[in-house]
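Just below is one structure, and these are the notes that go with it.
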Ligand SMILES: [Zn+2]
């Protein structure tokens, strides 16, 4: 179940200031001393969930009644004190249950038990931050590290406490930060690739560290030895390092360029080819998502355009010369010369230039209509 609000990383307009605000979800690891209390609340949450599940199943079997989240909320009303849970936590659980159940189209769905990952939702305005700790229901929760975006007294939206498979607790916070205003606007086209994560229309390249490849042997050894715990740890380590790299790369781009045009390359499309592992390694979709919200935060923006023919078209003369790189075989061609105008191209830089041109054309069309 996804507990991330759908509105995360979107632009909202603040009623108070009239300025563009960026909505972000940040995740903070909490100190282990809070685990006992959060585990207790998570058990109570499971109790509410299972109550909803049972009641919903019975109502359907006996009376053909499909209980809504609102119905369930009414049935659980007043149990806050006894369960020692925030009343809105109970409400949220009822609503989330009804959403999951409606999606599954069954009156009762899976139960939440000891193996379910801990989850304690809360509503807008019920968690506050005083510069040091997060307060919820009169308890202070201390994160291991603070996030500089989190400011004392800021408005904190609906989200949840979540535990991972190792029982470590985190708090997810939905916050709003003001978008920067950008005076000058520079633009760049970005071609996402395998060897290089990104090639820019100005010729710069961001090389993808082969994180997975380098740890692959380690992983294979651990897997052969049947050490699943170690395998998972290696996987997690790779994932963290990749995320870290993608964050740094996307921040650098978002800071430098006002308009970032990206090709629409679909990872699922290419994951079907033999390059699957490299594709998963590259994490394009993560990168695109990071770029789009960071660009907004730095006062810029991103647009995604069709990548069709951007590799094959000559960015100098706009023709599709016979000498162009074509198909899967073309992926092996790094450089080529246009047989029409004689321009010599790096394949990816040429593609990035075309992507930028398509993006600027799209904007020009949008502005004139
Ligand atoms: Zn040409």
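Looking at segment 299-317 only, could you name the residues that are within 15 Å of the ligand (Cβ to nearest atom) and surrounded by fewer than 21 Cβ atoms within 10 Å (Cβ to Cβ)?
The initial filter retains those residues of segment 299-317 that are within 15 Å of the ligand (Cβ to nearest atom), namely 309-317.
If the condition is that a residue be within 15 Å of the ligand (Cβ to nearest atom) and surrounded by fewer than 21 Cβ atoms within 10 Å (Cβ to Cβ), then 309, 312, 315, 316, 317 are the ones that fit.
Residues that are surrounded by 17 or more Cβ atoms within 10 Å (Cβ to Cβ) and in contact with a helix residue (DSSP H, G or I) (Cβ under 7 Å, 6 or more places away or on another chain): which strands (runs of 3 or more DSSP E) entirely in segment 116-159 hold 3 or more of them? Here the list reads 119-122.
Any residue that is more than 26 Å from residue 349 (Cβ to Cβ) and either within 20 Å of the chain's Cα centre (by Cα) or modelled with pLDDT of 75 or more (or both) - is there at least one of those in segment 178-194? Yes, there is a match, as at least one residue in segment 178-194 is more than 26 Å from residue 349 (Cβ to Cβ) and either within 20 Å of the chain's Cα centre (by Cα) or modelled with pLDDT of 75 or more (or both). Considering segment 323-341, the residues that are in a loop (DSSP other than H, G, I, E, B) and modelled with pLDDT of 90 or more include one that is farthest from the ligand (Cβ to nearest atom), namely 339. Give all pairs with beta carbons closer than 9 Å in which a residue from segment 46-65 that is not assigned by TED's automatic domain parsing to the domain that holds residue 162 meets a residue that is assigned to a helix (DSSP H, G or I) and at pLDDT 95 or above; count only pairs at least 6 apart in sequence or on separate chains. From segment 46-65, no pairs qualify. From the list 356, 320, which residue is at pLDDT 90 or above, more than 14 Å from the ligand (Cβ to nearest atom) and over 25 Å from residue 240 (Cβ atoms)? Answer to the selection: 356. When segment 23-60 is examined, which residues are found to be assigned to a helix (DSSP H, G or I) and at pLDDT below 95? Across segment 23-60, there are no qualifying residues. If the condition is being free of Cβ contacts under 8 Å to residues at least 24 places away in the same chain and within 16 Å of residue 158 (Cα to Cα), then segment 75-119 contributes only 87.
Per-residue answers, yes or no, for (1) in contact with a helix residue (DSSP H, G or I) (Cβ under 6 Å, 6 or more places away or on another chain); (2) modelled with pLDDT under 80; (3) not assigned by TED's automatic domain parsing to the domain that holds residue 347:
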| position | (1), (2), (3) |
| --- | --- |
| 230 | yes, no, yes |
| 234 | yes, no, yes |
| 238 | yes, yes, yes |
| 254 | yes, no, no |
| 263 | yes, no, no |
| 268 | no, yes, no |
| 277 | no, yes, no |
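The values are calculated or read from the model by the stated rules, or taken from the named source; none is laboratory data. Given the structure is predicted, the values throughout are model-derived calculations rather than measurements. Here the Cβ is made from the backbone with ideal geometry for all residues, glycine too, and neighbour counts use every protein chain on show.
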